[in-house]
Amino acid sequence: MKKTVLKYGIIGGLIMAVCFALSVPLSGDPVNYDTMEIIGYGSIILSLIAIFFGIKSYRDQQLGGCLPFRKGVLIGIGISAIASAFLGVYTFIHIAWIDPGFVESYSAWEVEKIESGEMAANEKQKAIQEIEEMKVAYASPLIQGLVMYATVFLMGIVISLISAAILKRGGGDKGEEMNFLAEST
C-alpha cells in the first residue's frame with residue numbers, strides 16, 4: 001500500500017507543481033490573478049484525480065478487486081498528504097525566492113479591484129482593511145505554504161471519500177488495519 005500511496009502522491013504532486021509554475025506565465029502580463037486562481041484550482045482538482053486512480057490501482061492489483069471503504073479512504077488520504085506537500089513546498093519556494101513580491105502585488109490587485117467596484121465607500125474601506133490585515137498574516141512564505149498544504153489536503157480528503165465510495169467493492173471493514181504505514185508493501 002505504501003508504494004501505491006507514494007507513487008500516486010508523487011504523480012499528483014508533480015502535476016500540481018508543474019501546473020502552478022505554468023500558471024504564472026499563462027495568467028498574462030500584467031498578471032491576472034483571476035486567471036491564475038482558475039488555473040490553480042483546476043490544477044489542484046486535476047492533480048487530485050491521482051487519488052481516484054491510486055485507490056483503483058490498489059483495489060485491482062493488490063486486493064483482487066475487493067476494496068473496503070476505510071482502506072480506500074486511507075489510501076486517498078495518504079496520496080493527498082504527499083501531493084499537498086509538493087504544493088506546500090512549491091508555494092514556499094515561489095514566495096521566498098521566485099516571487100518575493102507576490103503578496104504585495106496580489107494585495108494591490110485586490111485593492112484595485114475593490115476600488116473599481118460598486119460597493120459603498122464604507123464597505124470598500126472595510127474590505128481594503130481586511131486585505132491589509134491578510135497581507136500581514138500571509139507575508140510569511142511558511143504560512144503561505146502551510147495554507148496551501150491545508151487547502152489541498154482538505155480537498156483531497158473530500159476526493160478520497162468520494163473515490164472510496166465509488167470504488168468500494170465487497171469485503172467488509174471489520175477488523176481492518178487502520179494504520180497503512182504499518183503495513184508491508
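Mind checking whether some residue in region 49-60 is under 19 Å from Gly101 (Cβ atoms) and acidic (Asp, Glu)? Before the answer, list the steps.
First, pick out the residues of region 49-60 that are under 19 Å from Gly101 (Cβ atoms): none.
For region 49-60, residues under 19 Å from Gly101 (Cβ atoms) and acidic (Asp, Glu): absent.
Being of a type outside the set (Ser, Thr, Tyr), over 29 Å from Ser140 (Cβ atoms) and surrounded by 21 or more Cβ atoms within 10 Å (Cβ to Cβ): is that true of Lys71 here? Give the derivation first.
On the way: of a type outside the set (Ser, Thr, Tyr): yes; over 29 Å from Ser140 (Cβ atoms): yes; surrounded by 21 or more Cβ atoms within 10 Å (Cβ to Cβ): yes.
Yes.
Among the residues of region 21-44, which ones are assigned to a helix (DSSP H, G or I), β-branched (Val, Ile, Thr) and within 17 Å of Asp99 (Cα to Cα)?
From region 21-44, those assigned to a helix (DSSP H, G or I) are 21-26, 33-44; that's our starting set.
If we keep only those that are β-branched (Val, Ile, Thr) too, we end up with 24, 35, 38-39, 44.
Passing the criteria: only Val24.
Residue-by-condition table, conditions (1) modelled with pLDDT under 90; (2) farther than 21 Å from Val147 by Cβ:
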residue	(1), (2)
Lys3	no, yes
Ile10	no, yes
Ser23	yes, no
Leu26	yes, yes
Asp29	yes, yes
Gly42	no, no
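Among the numbered criteria (1) of a type in the set (A, V, I, L, M); (2) more than 19 Å from Ala164 (Cβ to Cβ); (3) under 21 Å from the mean Cα position of the chain (by Cα), which single criterion is violated by Val111?
(3)
Within the bounds of region 136-147, is there any residue that is modelled with pLDDT under 90 and either farther than 19 Å from Tyr33 by Cβ or part of a helix (DSSP H, G or I) (or both)?
So in region 136-147, the residues modelled with pLDDT under 90 come out as 136-139.
Still in the list and also either farther than 19 Å from Tyr33 by Cβ or part of a helix (DSSP H, G or I) (or both): 136-137.
Yes, because at least one residue in region 136-147 is modelled with pLDDT under 90 and either farther than 19 Å from Tyr33 by Cβ or part of a helix (DSSP H, G or I) (or both).
Return yes when Gly65 is touching a helix residue (DSSP H, G or I) at 6+ places or on another chain (Cβ under 6 Å) and touching a residue at least 40 places away in the same chain (Cβ under 8 Å) and no when it is not.
Working: touching a helix residue (DSSP H, G or I) at 6+ places or on another chain (Cβ under 6 Å): no; touching a residue at least 40 places away in the same chain (Cβ under 8 Å): yes.
No.
Just wondering, is there one or more residues in region 119-130 that are in a helix (DSSP H, G or I) and either aromatic (Phe, Trp, Tyr) or in contact with a Cys (Cβ under 7 Å, 6 or more places away or on another chain) (or both)? If you could, list the steps in order and put the result at the bottom.
As a first pass, look at region 119-130 and keep what is in a helix (DSSP H, G or I): 121-130.
Right, trim to either aromatic (Phe, Trp, Tyr) or in contact with a Cys (Cβ under 7 Å, 6 or more places away or on another chain) (or both) and you get none.
So far as region 119-130 goes, no, none of its residues is in a helix (DSSP H, G or I) and either aromatic (Phe, Trp, Tyr) or in contact with a Cys (Cβ under 7 Å, 6 or more places away or on another chain) (or both).
Could you identify the single residue in Val89, Val111, Val136, Val103 that is surrounded by fewer than 12 Cβ atoms within 10 Å (Cβ to Cβ) and within 25 Å of Ser27 (Cβ to Cβ)? Give the derivation first.
Numbers: Val89 fails: surrounded by fewer than 12 Cβ atoms within 10 Å (Cβ to Cβ); Val111 fails: surrounded by fewer than 12 Cβ atoms within 10 Å (Cβ to Cβ); Val103 fails: surrounded by fewer than 12 Cβ atoms within 10 Å (Cβ to Cβ).
It is Val136.
Looking at region 13-31, which of the residues that are within 24 Å of Gly78 (Cβ to Cβ) and among the β-branched types (Val, Ile, Thr) is nearest to the chain's Cα centre (by Cα)?
Going through region 13-31, the residues within 24 Å of Gly78 (Cβ to Cβ) turn out to be 13-20.
Subset that is among the β-branched types (Val, Ile, Thr): 15, 18.
Values: Ile15: 11, Val18: 13 Å.
Looking at the filtered set, the residue picked out is Ile15.
The values are calculated or read from the model by the stated rules, or taken from the named source; none is laboratory data. Note that the coordinates shown come from a computational prediction; the quantities given were computed from them, not determined experimentally. We place every Cβ from the backbone using ideal geometry, glycine too, and count neighbours over all the protein chains shown.
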